[in-house]
Amino acid sequence: MDHHVNAGSSGEMPGFEDRYTRGARPISFYIPRYRNISAATRRSDFLRGYGIEGDAKRLSWKRGIAQPGFGAELKKTLREPGPWHVEMDGFGEMLPRYENYVHLDPTRVDPYGIPQLAFHYEWG
């Protein structure tokens, strides 16, 4: 089975530039799966669930990797705390499919003569 990932959003939160984290800093959050957890919400055409997780943080000096600039001016900018950033990512479970399987390939072996795995896989 696989999981659906990389579906989400992110954004910068302006207006908190004067806020610093000492002690009680923002941490990650999780919105638990709320579909198919009880008989009242269960549907026969949607067998699994999904969830959402995310976090809030200040961007660190690493933001300079993608930030334009060079030299002393860039260094000065990166010494200041970065902007606040929030992101959320969704994920969902895939159901197993009979058509997806793995077997040992009789024609492909590694340098030690051990047969390699062959994957047969389709989304569905």
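Only the coordinates and a few stated rules stand behind these numbers; no lab work does. Because the structure is a prediction, the values reported are computed rather than measured. For neighbour counting, all protein chains shown are included, and Cβ atoms are generated from backbone atoms with ideal geometry for every residue, glycine included.
What the table shows:
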| read-out | value |
| --- | --- |
| The stretch 101-112 residues that are part of a strand (DSSP E or B), paired with ones that are not polar (S, T, N, Q) (beta carbon under 6 Å, 6 or more apart) | 101/120; 102/117; 102/119; 103/118; 104/115; 105/115; 105/118; 109/115 |
| Residue in the stretch 87-94 that is assigned to a loop (DSSP other than H, G, I, E, B) and surrounded by fewer than 11 Cβ atoms within 10 Å (Cβ to Cβ) present | no |
| Complete set of residues in the stretch 71-86 that are over 19 Å from residue 8 (Cβ atoms) and not in a helix (DSSP H, G or I) | 80, 81, 82 |
